[in-house]
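A.B. asks: Let me begin by handing over the structure; questions about it come next.
The values are calculated or read from the model by the stated rules, or taken from the named source; none is laboratory data. Not measured: the values here are computed from a predicted model. When we count neighbours, we look across all protein chains shown, and the Cβ atoms used for this are built from the backbone with ideal geometry, even at glycine. Each accessible area value is taken on the protein alone, full model and side chains, heavy atoms only, with ligands, DNA and RNA left out. Shrake-Rupley method; radii C 1.70, N 1.55, O 1.52, S 1.80 Å.
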Amino acid sequence: QLQLVESGGGLVQAGGSLRLSCAASGRIFGINFMAWYRQAPGKQRDLVATIDNAGTTTYGDSVKGRFTISRDNAKSTVYLQMNSLKPEDTAVYFCSMTMLLRTYWGQGTQVTVSS
């Protein structure tokens, strides 16, 4: 079982930056896949970025070149550095981690970008 807690969300002006963190706790046996998703009001949850245990990353087209996902395995934490934020980035951001073929989710953190 994993418990995930996100932090770092908030209100920022367009063009600004935020860094999200998601820390796992519980009985950890090696987390092989970490990801960030986001969900805007009235819309489906979309994949933002992923990172596997080799450090290989993927990004959604809308965030390429602006967002960077990273992980600290010693801390069981995944990060999302978000730069050049746009109003359309406004959403609740969720982290997920996969361990032993089971995916766990955080509770979400709100990111609001004002124009």
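A.B. asks: Taking the stretch 26-71 as the search range and keeping residues that are touching a Ser or Thr at 6+ places or on another chain (Cβ under 6 Å) and within 18 Å of residue 85 (Cα to Cα), which one is least open to solvent (accessible area, probe 1.4 Å)?
C.D. replies: So, considering only residues that are touching a Ser or Thr at 6+ places or on another chain (Cβ under 6 Å) and within 18 Å of residue 85 (Cα to Cα), the one least open to solvent (accessible area, probe 1.4 Å) is 69.
A.B. asks: Keeping to the stretch 2-28, report how many residues are in contact with a strand residue (DSSP E or B) (Cβ under 6 Å, 6 or more places away or on another chain), hydrophobic (A, V, I, L, M, F, W, C) and either at positive phi or part of a loop (DSSP other than H, G, I, E, B) (or both).
C.D. replies: Total meeting the criteria: 1.
A.B. asks: Scan the stretch 77-109 for residues that are surrounded by fewer than 16 Cβ atoms within 10 Å (Cβ to Cβ) and in a loop (DSSP other than H, G, I, E, B) and jot them down.
C.D. replies: 83, 84, 86, 100, 101, 107, listed by residue number.
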